[in-house]
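Dropping a structure here in structure tokens format, bear with me for questions.
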Amino acid sequence: MTPEASNGGRLRLDSVTKRYGDQVVLDQVSLDVKPGEFLTLLGPSGSGKTTTLNLIAGFLQGDGGRIELDGRDLSNVPAHSRDIGVVFQQYALFPHLTAAQNVGFPLDVRKVKGEEKKTRVQAALDLVRLGDYGDRLPGQLSGGQQQRIALARAFVFQPRLLLMDEPLGALDKKLREVLQIEITKICRELGVTVIYVTHDQEEALVMSDRIAIYNSGRIEQIGSAEDLYERPASLFVADFVGESNVIAGTLDGRDALKCPAGTLWLPPGGPARADQSDAPAAIVLRPERARIAHASRPLPDGVNATTGTLSELVYLGLARKCIVTTDHGTELVVRSDVKEQFEDDLRPGDPVSVWWHPHDSVVVPAPAVG
Ligand SMILES: Nc1ncnc2c1ncn2[C@@H]1O[C@H](COP(=O)(O)OP(=O)(O)O)[C@@H](O)[C@H]1O
Ligand SMILES: [Mg+2]
């Protein structure tokens with residue numbers, strides 16, 4: 001038996017700000033999370049992810065802005081009345097209570113008793129595939145099992161919103177990967193809205209409908225994994241999500257970038273703002289969008305190219321990674337499918353061209369080149 005599907009709530013944050021003394025740790029953060037959506041907050045340590053969750057849960061008071069769940073302002077709603085489930089990395093189970101008693105705890109608080117409580121606890125345990133483990137004490141469970149119990153405890157009362165703060169952070173890689181899939185599946189089944197926090201980009205890419213990239217208390221960009229990967233809005237996002245080659249220079253009109261390698265064509269559409277001639281900018285080129293050829297080979301018309309020396313060739317199973325030292329001393333990484341044969345039999349030390357179609361790159365604003 002599974003708990004009846006709880007429809008997720010709609011969460012809105014409008015210009016939420018939090019300060020500690022002079023330090024602004026959240027700077028006008030706004031979010032609109034759809035019912036049933038799985039949104040991940042991804043960013044480096046100290047960027048404000050946990051603070052955001054604590055404000056939503058009601059464990060912290062903000063210094064500005066508004067938080068709404070299903071249109072209801074939460075500012076005067078105490079944490080225990082917010083109808084929000086919470087799973088934290090360090091959210092320890094009560095060690096002297098059995099798994100079933102731990103899972104039943106939120107129901108005790110809500111005065112759910114007797115047969116109904118028993119049924120809902122069992123359903124929650126079944127959902128995390130620990131239906132036969134109800135009598136165990138936390139000390140008799142593995143780390144992964146304990147975290148599944150914490151999960152069952154968070155949704156046993158059918159919250160409209162589930163907050164998870166690095167819930168898999170303490171587990172080893174293999175178990176983490178299994179639980180990533182399980183958690184995503186369970187949350188989709190329940191239809192609950194989820195705000196999930198991690199600093200692990202792969203975890204974010206695997207689990208999320210959308211990802212909000214945090215940087216120093218602000219959201220840099222929010223979008224699907226594909227949006228962030230294919231159309232990063234800033235160098236920070238390009239760097240944080242996936243591997244990228246960054247070629248810095250200054251804009252030359254709307255179509256080109258002047259850089260040490262010469263003049264490179266920008267992707268169609270050009271920079272976000274038209275008034276930016278001479279402004280510092282950078283081309284972001286994903287390694288799998290770059291191509292490599294022997295320097296003697298003629299290249300197609302209209303492509304960007306830079307010359308250098310193949311310094312390293314690494315086989316990665318499905319792909320091959322070429323590291324090229326350009327004639328200007330920078331490094332470019334080219335990743336190609338091993339099924340796609342090199343046109344040339346390239347070896348380290350060979351003079352090469354790295355080339356790409358302008359539409360396969362992205363242009364972002366950049367700090368001035370030194
Ligand atoms: N109680 C506190 N007092 C002062 N500063 C705090 C407090 N809690 C968090 N901070 C600061 O707020 C910033 C954001 O922290 P946090 O939200 O925990 O980041 P994250 O979860 O992204 O790692 C950090 O610079 C942290 O040092
Ligand atoms: Mg944190």
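The values are calculated or read from the model by the stated rules, or taken from the named source; none is laboratory data. Note that this is a predicted model, so its numbers are computed, not measured. Neighbour counts are summed over all protein chains in view; Cβ atoms, including those assigned to glycine, are modelled from backbone coordinates with ideal geometry.
Listed residues Leu53, Leu69; which is within 17 Å of Ala204 (Cα to Cα) and among the aliphatic types (A, V, I, L, M)?
That would be Leu53, the only listed residue that is within 17 Å of Ala204 (Cα to Cα) and among the aliphatic types (A, V, I, L, M).
Restricting to the stretch 282-312, give me the number of residues that are within 20 Å of Val338 (Cα to Cα) and either aromatic (Phe, Trp, Tyr) or buried (at least 17 other Cβ atoms within 10 Å of the Cβ) (or both).
Residues that pass the stated criteria total 9.
Also, quick follow-up: Only one of Leu179, Leu161, Leu175 is within 26 Å of Val29 (Cα to Cα) and in contact (Cβ under 8 Å) with a residue 24 or more places away in the chain. Can you tell me which? Explain how you work it out, then say what you get.
Values: Leu179 fails: within 26 Å of Val29 (Cα to Cα); Leu175 fails: within 26 Å of Val29 (Cα to Cα).
None of the other options fit; the residue is Leu161.
Something else: Assuming Ala279 fulfils every condition listed in (1) of a type outside the set (Asp, Glu); (2) assigned by TED's automatic domain parsing to the domain that holds Asp350; (3) crowded, with 17+ Cβ neighbours inside 10 Å apart from one, which condition is it?
Ala279 satisfies all of (1) of a type outside the set (Asp, Glu); (2) assigned by TED's automatic domain parsing to the domain that holds Asp350; (3) crowded, with 17+ Cβ neighbours inside 10 Å except (3).
Tally the residues that are surrounded by fewer than 20 Cβ atoms within 10 Å (Cβ to Cβ), within 23 Å of Ser47 (Cα to Cα) and away from ligand 2 (no atom under 16 Å from the Cβ), restricting the search to the stretch 181-206.
3
Can you find a residue in the stretch 207-219 that is part of a loop (DSSP other than H, G, I, E, B) and either within 16 Å of ligand 2 (Cβ to nearest atom) or on the phi > 0 side of the Ramachandran plot (or both)?
yes
Also: Please work out which one of (1) away from ligand 1 (no atom under 16 Å from the Cβ); (2) touching a Phe, Trp or Tyr at 6+ places or on another chain (Cβ under 7 Å) is the condition Arg210 fails and give its number.
If we test Arg210 against (1) away from ligand 1 (no atom under 16 Å from the Cβ); (2) touching a Phe, Trp or Tyr at 6+ places or on another chain (Cβ under 7 Å), just (2) comes out false.
Turning to a different aspect of this structure: Within the stretch 46-68, which residues are crowded, with 19+ Cβ neighbours inside 10 Å, within 10 Å of ligand 1 (Cβ to nearest atom) and assigned to a loop (DSSP other than H, G, I, E, B)?
Once the filter is applied, which keeps residues that are crowded, with 19+ Cβ neighbours inside 10 Å, within 10 Å of ligand 1 (Cβ to nearest atom) and assigned to a loop (DSSP other than H, G, I, E, B), the stretch 46-68 yields Ser47, Gly48.
Given the residues Val86, Val25, which is the only one that is crowded, with 17+ Cβ neighbours inside 10 Å, at pLDDT below 95 and within 16 Å of ligand 2 (Cβ to nearest atom)?
Val86
Which residues, taken from the stretch 33-45, are among the small types (Gly, Ala, Ser), within 16 Å of ligand 2 (Cβ to nearest atom) and either crowded, with 22+ Cβ neighbours inside 10 Å or at positive phi (or both)?
Gly43
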